[in-house]
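Enquirer: This is the structure I have questions about; it appears just below.
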């Protein structure tokens, strides 16, 4: 460790003229757990519970779930409390995400705050019923959380939601890009709700249903169910139906 630290310090000194370094804890096989928050700039912050974004490829999120399953309740409460405490202390004003890593012993470590609405905010909207984008706009217009009726004791979760970012790449060929194709049919369980979002440009989504053209970019598949068992079964059904009718996609990786 001493050798590696000195090596890094020498490299920093050569490149930047400053050899000071800091050591970060290595977290083996972590889970990526994040907390959706809303703050009105007065120190008043509420959380909209948590999401699990641990399934990633090249450090890019692929599957997002809300709420995080299999998380010890004590760990969940500690993460939620720390997220609110941090953003309240700086009088945060906006929608935002506080991100953590959780190790195999249930200990959590702060990563960063993303001061914006993230792609995966939709799974939180599904389980809380709160329109995050609308809330952000109203806060920017000067509304307080109290005026919006957003108090922590009234914010609850119901059911389970999952979102998968499907791209037209072939996982069996080292994720070689495909040219896209035409999705002819999609079948889902009657007890689940699916929403398609086809990304056609920066911050521009088309909400549609098959048939439609699958471009070599991202399709977001969002599913919600009141029952976790139906949620997983419906997800698998959706995956199989999707890959059967389209060209190479990352559904098997998801």
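Enquirer: Looking at residue 13, is it free of Cβ contacts under 8 Å to residues at least 40 places away in the same chain, closer than 28 Å to residue 152 by Cα, in a helix (DSSP H, G or I) and more than 19 Å from the chain's Cα centre (by Cα)?
Expert: Against the criterion (free of Cβ contacts under 8 Å to residues at least 40 places away in the same chain, closer than 28 Å to residue 152 by Cα, in a helix (DSSP H, G or I) and more than 19 Å from the chain's Cα centre (by Cα)), residue 13 does not qualify.
Enquirer: Which residue pairs have Cβ atoms under 8 Å apart, sit 6 or more places apart or on different chains, and have a first residue in the range 145-173 that is at positive phi and a second that is in a helix (DSSP H, G or I)?
Expert: Filtered contacts from the range 145-173: 159/126; 159/127; 159/231.
Enquirer: Continuing with this model, one more query. Name, by its number, the condition in (1) within 17 Å of the chain's Cα centre (by Cα); (2) closer than 25 Å to residue 25 by Cβ that does not hold for residue 123.
Expert: (2)
Enquirer: Now for a different question. For residue 177, which of the numbered conditions (1) at pLDDT 95 or above; (2) not assigned by TED's automatic domain parsing to the domain that holds residue 67 fails to hold?
Expert: (1) is the only condition that residue 177 fails.
Enquirer: Among the helices (runs of 4 or more DSSP H) confined wholly to the range 41-152, which include 1 or more residues that are at pLDDT below 95 and under 24 Å from residue 166 (Cα atoms)?
Expert: Hits in the range 41-152: 121-128.
Enquirer: State yes or no: is residue 85 exposed (fewer than 12 other Cβ atoms within 10 Å of the Cβ) and in contact with a helix residue (DSSP H, G or I) (Cβ under 9 Å, 6 or more places away or on another chain)?
Expert: Considered against the rule, which asks whether it is exposed (fewer than 12 other Cβ atoms within 10 Å of the Cβ) and in contact with a helix residue (DSSP H, G or I) (Cβ under 9 Å, 6 or more places away or on another chain), residue 85 comes out as no.
The values are calculated or read from the model by the stated rules, or taken from the named source; none is laboratory data. These figures come from a predicted structure and were not determined experimentally. Reconstructed Cβ throughout: ideal geometry from the backbone, glycine too, with neighbour counts over all protein chains shown.
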